[in-house]
Amino acid sequence: GKMQDVSLKDGRTVLFVSHNMAAVSQLCSMGMLLQDGIIALQGEINETIDRYLIHTEQSFFIPDIKNNVHKDAYFKEIRIRDSNGRDNTNFLILEPIFIAFKIKINKNKEKYNLFCMILDHRLNRVFAAEAEMLEEEMLLRINPNFLVRGKYSIHAFINIPRQKQEDVVINVCQFEIFDNSSNLAKHGSYDYGSVVGNYTWV
């Protein structure tokens, strides 16, 4: 494209500044990470992106418990965590994502299930994961190379299937996935769905 022409034909250095990690990884071979106006890292682009993604804000949901004390069970806390157990909001497509639930169970534990759905940035339901049990601490692992790049959130509820939803949370714990390595990354911002297909050409 034009940036490459300027760099190769005119012999000039092009500085590309963006928070779009997919675009950065495709257009650049070297990267520079600025932190508080100081160069924190200068090197190969994927290493720079990895370091950038480490510096993230916490992502969690803690409800107003006083509104829930009358319920049989309710969410006390939901957090998005990385493989090291740290709160995180940004992930590479090659990384697993963990959703940690803390639940207060007052009674009838054996009747309830935990149902969790992942929503895309338009709040469409991408997939669901159900646990046919209820514990005070539960952990859901989303495997690498499943969700494509984009922004996501959580819709979860404690329920007795087809009877009632005892506690519900919608569009909480937003997180984002960046893709700088999959075969789909070459398509840039094109909307090719929400999951990486598990398929074989025969």
Holding the Cα-Cα limit at 23 Å, pick out from 107/164; 111/151; 109/151; 66/151 the pairs that are longer than that. 111/151; 109/151; 66/151
Candidate cut points under trypsin sites (Lys or Arg not before Pro) in region 42-118, DSSP loop plus at most 16 other Cβ atoms within 10 Å of their own Cβ, are 71, 86, 107
If I model a spin label as a point 7 Å beyond the Cα along the Cα-Cβ vector, how far apart are those points for residue 62 and residue 165 in nm? 2.5 nm
Between residue 13 and residue 195, what is the FRET efficiency for a Förster distance of 45 Å, r being their Cβ-Cβ separation, to the nearest 0.05? 0.75
For region 138-198, which trypsin sites (Lys or Arg not before Pro) are in a loop by DSSP, counting at most 14 other Cβ atoms within 10 Å? 162
Send over the semi-axes of the chain's equivalent ellipsoid, whole angstrom and largest first, taken as the square roots of 5 times the C-alpha gyration tensor eigenvalues. 40, 19, 13
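Taken together, the values in this text are just the output of simple stated rules run on the coordinates, not laboratory data. In this text the structure is predicted, and so the values were computed from the model without any measurement. Please note: Cβ atoms are built from the backbone with ideal geometry, for glycine as well, and neighbour counts cover all protein chains shown.
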